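The block underneath contains the structure these notes are about, expressed in structure tokens.
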Amino acid sequence: MISKNITITAPNGLHARPVGDLVKLVKSFADSTVTLATPAKTVKASSMLSILSLGLKQGSVVELKVEGGDENQVLETISSFISSINE
């Protein structure tokens with residue numbers, strides 16, 4: 001398992017539209033388990049409602065954890081996607 005801390009830079013945080021896109025991206029990596037963790041809670045990144053329950057706002061730090069095939073590629077792809085959200 002590998003992990004990386006990511007600071008949410010999107011002005012509106014992670015809301016429904018980008019989270020829906022994130023879930024689709026995560027599900028495309030069927031050989032990996034992807035989770036998002038805050039100090040209070042850890043959730044599977046394949047569940048839109050679970051991610052929304054984290055309440056990630058601009059400036060929040062979340063730990064992205066990946067376990068499974070091609071961990072490095074999956075981690076970089078998903079972290080780049082989260083960092084690129086600007087809505």
Which condition from (1) in contact with a strand residue (DSSP E or B) (Cβ under 8 Å, 6 or more places away or on another chain); (2) loosely packed, with under 13 Cβ neighbours inside 10 Å; (3) of a type outside the set (D, E, K, R) is the one that GLN73 breaks? (1)
Pick out the one residue from PRO18, PRO11 that is open to solvent by less than 50 Å² (accessible area, probe 1.4 Å) and either under 16 Å from SER83 (Cα atoms) or assigned to a helix (DSSP H, G or I) (or both). PRO18
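Of all residues in region 31-70, how many are aliphatic (A, V, I, L, M), touching a Gly at 6+ places or on another chain (Cβ under 9 Å) and outside any strand (DSSP E or B)? If you could, list the steps in order and put the result at the bottom.
First, pick out the residues of region 31-70 that are aliphatic (A, V, I, L, M): 34, 36-37, 40, 43, 45, 48-49, 51-52, 54, 56, 61-62, 64, 66.
So of that shortlist, the ones also touching a Gly at 6+ places or on another chain (Cβ under 9 Å) come out as 34, 48, 56.
Still in the list and also outside any strand (DSSP E or B): 48, 56.
So the answer is 2.
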Taking into account only those residues within region 21-36 that are in contact with a strand residue (DSSP E or B) (Cβ under 8 Å, 6 or more places away or on another chain) and among the β-branched types (Val, Ile, Thr), which is surrounded by the fewest Cβ atoms within 10 Å (Cβ to Cβ)? THR33
For region 37-69, give me each residue that is in contact (Cβ under 8 Å) with a residue 40 or more places away in the chain, of a type outside the set (S, T, N, Q), open to solvent by 70 Å² or more (accessible area, probe 1.4 Å) and in contact with a Ser or Thr (Cβ under 7 Å, 6 or more places away or on another chain). VAL61, GLU67
Looking at VAL23, is it within 10 Å of the chain's Cα centre (by Cα), part of a strand (DSSP E or B) and either at positive phi or aliphatic (A, V, I, L, M) (or both)? no
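The values are calculated or read from the model by the stated rules, or taken from the named source; none is laboratory data. In this text, all values refer to a predicted model and were calculated from it rather than measured experimentally. So basically every Cβ, Gly included, is an ideal-geometry build from the backbone, and we count neighbours across all protein chains shown. To get the accessible areas, we keep the full protein, side chains included, count just its heavy atoms, and leave off ligands, DNA and RNA. Shrake-Rupley method; radii C 1.70, N 1.55, O 1.52, S 1.80 Å.
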